[in-house]
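These notes concern the structure reproduced below.
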Amino acid sequence: MFVPLSENDYMETLRDFDLVLFGGTGDLAMRKLLPAMYRRHAAGQFPATARILGVARGERSRESYIAEVEKSCREHAQAVFDASQWQGFAQMLHYAAVDVSRPESFGALAAFLQGREEVARIFFLSMAPSLFAGACDAIGAAGLATPESRVVLEKPLGQDRASAEKINQHVAAWFGESQIFRIDHYLGKEAVQNLLALRFGNALFEPLWRRGRIRHVQITVAETLGMEGRGPFYDQTGALRDMVQNHLLQLLCIIAMEPPTSSDPDAMRDEKLKVLRALRPIAGADVLAKTVRGQYKAGAVGGQPVRGYLEEEGVPPGSTTETFVALKAEIDTWRWAGVPFYLRTGKRLQEKLSEIVMTFEDVPHRIFQTTVGQHPNRLTILLSPRDAITLTVQAKSPGETMLLKPVNLSLDLVESFKVRQLDAYERLLTDIIKGNLTLFMRRDELDAAWRWIDPIREGWQAHDRAPRQYTAGSWGPSAATSLISRDGFDWNGEG
Ligand code: NAP
């Protein structure tokens, strides 16, 4: 059944656009991007003249492309799929066979776009990053980059600072920085938007959001999935580049940045950049003390036996690619000096979970008897499997004695607002059409992130050659527990 959205801000009709979806037959396009576009269409946000052109090398008719997209939308738009809405969306869909590495194949694309120079023209590059530079050169050389154009780049943008810079140079030859949308879909998540609302829409938290009040911060992005056929890609990338360089660092920036002076995209991106530049470098032998990298071996996830990373299809024998990273980051600013930020992410972990946990300082003096141990206040921002924000406080448990127990003050975002929340890609795609850059990474941010990440990888190569093994279905190598327990803390849920 179609579930309407009632929030007025969602319902604004967008300007006319042509979306050229390079990689329009790929996994990301079919599972995420096209279902997200369908949902926005069903919410009434698109003008009747807007068009989507799927692009890939394979020859197929428009009809067969529409049939493929319908199958995918039925599966992935789930409760929102509605047959009558679908007819309107199908009319928006077109297909062209283009090989981005053969500029001579761009004729069909040019013919499709001709005469619509005034509408927002979006080139979404949903394909391997090794094709980004060539694709931008071919778009530019064919004269298709108009002043109203935007180019969208999926992660991972490069393998290191040098390769990212090379891609950025090619893109910048044809598009201005205000036309470039570098996606980190974590920033599109509703819970991340709510974190911004919590921080900058309330006076309550700001005095507490600093050293002296916050003891430590943890960011966890845990997956239960393994390679799912992506072994050859993943083996070239690893968890540090695939997850830490983008998603985890962006979440850290949102927590740690100073209040921006306005909601202007550059005001926020300036503040995130300052955080990235203030991260204390982890280099050389420091990697042994401040980072842990792991690789899963065979085990069981959700009661089902699963194979180890080295047995996954397409993974070369003896690979030392990490499928898990835990690290201790420090931010050298007045606000955060002495407050550790512990980051961890991995594949084939016990639970699918993305959360940020901020633990406050304990009371300076106890006058009440508590149950067991210490229970400092905690603010938990849950991003997955659902969006929720919880503040854990001490309350008196009913009865005669003054016995304190931790209880949760919870903001369940779905329950509170009773409307379907936007999926991250729905939010990001509408922002791209509007030309709003707030939730996208700027070139200098990306550069600063790589500048911090590269020495960690180099340190591993020089001092820590093999990743530590962990059993699939666990919370990672025991060294990750030691990394945090050395400082007197536990990972949330493991204490
Ligand atoms: P994919 O399933 O391998 O799809 C690649 C797409 O690119 C296909 O449509 C392919 O069609 C097309 N293509 C390949 N070479 C081409 C060429 N020379 N010219 C034109 N089209 C070409 O990849 P994906 O998983 O969708 O990933 C796309 C991008 O998103 C990658 O950068 C990936 O890292 C990123 N990403 C993916 C996910 C995900 O969940 N899948 C998540 C985050 C980020 P033909 O072979 O017919 O040309």
- Task: Rounding to the nearest 20 debye, state how big the charge dipole of the chain is about its Cα centre with +1 on each Lys and Arg Cβ and -1 on each Asp and Glu Cβ.
- Result: 900 debye
- Task: Any chance you could run the full-extension gain for H463 through E313? It's 0.36 nm times the residue separation minus the Cα-Cα distance, nm to one decimal.
- Result: 51.1 nm
- Item | Furthest towards positive pole of dipole, T380, W174, F440, structure part the chain, Cβ charges | T380
- Note on the structure: Expressed in Å to one decimal, the Kirkwood Rh of the chain from all distinct alpha-carbon pairs is 24.3 Å
- Query: Which three semi-axes in whole Å describe the equivalent ellipsoid of the stretch 392-493, each the square root of 5 times a Cα gyration tensor eigenvalue, listed largest first?
  - Reply: 36, 32, 14
- Cα gyration tensor shape of the stretch 325-482, rounded if a/c is under 1.5, else prolate or oblate by comparing a/b with b/c: oblate
- Item | Cβ-based net charge around G488, under 12 Å, with every Lys or Arg adding one and every Asp or Glu removing one | -1
- Note on the structure: Percent antiparallel among DSSP beta bridges confined to the chain, nearest 5, equals 55 percent
- Task: Give the peptides 419-425, 225-231 in descending order of average Cβ contacts within 10 Å, highest first.
- Result: 419-425, 225-231
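Over 28 Å between Cα atoms: which of K166/K272; K352/K434; K189/K418; K155/K418 fall into that group?
Pairs exceeding the cut-off: K352/K434; K155/K418.
What shape does the stretch 280-321 have by the C-alpha gyration tensor, where a ≥ b ≥ c are the square roots of the eigenvalues, rounded means a/c under 1.5, and otherwise prolate means a/b greater than b/c and oblate the rest? List each step's numbers first, then the result.
Values: a/c = 4.28, a/b = 1.98, b/c = 2.16.
In terms of gyration-tensor shape, oblate.
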- Accessible area expressed per residue, the stretch 171-220, with surrounding protein chains retained (probe 1.4 Å, Å²): 38 Å²
- Item | Efficiency of FRET between K405 and Q169 - r from beta-carbon atoms, R0 45 angstrom, step 0.05 | 0.20
- Using Cα positions and a limit of under 15 Å, work out the aspartates and glutamates in reach of K405, with same-chain residues fewer than 8 apart set aside. D362
- Item | Full-extension gain in nm, Q78 to S397, via 0.36 nm per residue minus C-alpha separation | 110.6 nm
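Need one word for the stretch 111-203: rounded, prolate or oblate. Basis is the Cα gyration tensor (sqrt eigenvalues a ≥ b ≥ c); a/c below 1.5 gives rounded, then a/b vs b/c decides.
oblate
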- Computed over the stretch 232-355: relative contact order in percent, which uses C-alpha pairs under 8 Å that are six or more apart: 27 percent
- Item | Backbone N under 19 Å from the R451 label point (7 Å along Cα→Cβ), restricted to the stretch 260-289 | 266-284
- Peptides 243-255, 187-199 ordered by average Cβ neighbours within 10 Å, highest first: 243-255, 187-199
- Taking only protein heavy atoms and a 1.4 Å probe, what accessible area per residue, in Å², does the stretch 316-391 have with all protein chains in place? 44 Å²
- Message: Given the -39500 (n - 2.57) contribution per DSSP H run of 4+ residues, what per-residue ellipticity at 222 nm results for the chain, rounded to the nearest 500 deg cm²/dmol?
- Response: -9000 deg cm²/dmol
- Rough spin-label spacing in nm, given labels placed 7 Å along Cα→Cβ, for E59 and S262: 5.4 nm
- Item | Length released on extending from R31 to A337, taking residue separation times 0.36 nm less the Cα-Cα span | 106.0 nm
- Here the FRET efficiency for A197 versus E351, based on Cβ atoms and R0 = 25 Å and rounded to 0.05, is 0.40
- Query: How many nm separate the modelled label positions at K434 and T49, each set 7 Å beyond the Cα in the direction of the Cβ?
  - Reply: 2.2 nm
- Task: Please name which of L422, L411, P398 has its Cα lying farthest along the dipole of the stretch 366-425 towards the positive end, using unit charges on Cβ (Lys, Arg +1; Asp, Glu -1) and the Cα centre as origin.
- Result: P398
- Note on the structure: So the carbon and sulfur contribution to the accessible area of the chain, 1.4 Å probe, in percent, is 52 percent
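Applying 1/(1 + (r/R0)^6) with R0 = 41 Å to the Cβ-Cβ distance of Q91 and F489, what FRET efficiency is obtained, to the nearest 0.05?
Working from the Cβ atoms, E equals 0.15.
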- Any idea how far the Cα center of the stretch 309-336 sits from the one of the stretch 116-143, in Å? 32 Å
- Message: As a test of reading the structure, rank S61, S130 by solvent-accessible area (1.4 Å probe, protein chains only), most first.
- Response: S130, S61
- Item | Local electrostatic count, R386, Cβ distance below 12 Å [Lys/Arg +1, Asp/Glu -1] | -3
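The values are calculated or read from the model by the stated rules, or taken from the named source; none is laboratory data. Please read these numbers as outputs of a predicted model, since none were measured by experiment. Cβ: placed from backbone, ideal geometry, glycine included. Neighbour counts: every protein chain shown. Side chains included, ligands, DNA and RNA excluded: accessible areas come from the protein's heavy atoms. Shrake-Rupley method; radii C 1.70, N 1.55, O 1.52, S 1.80 Å.
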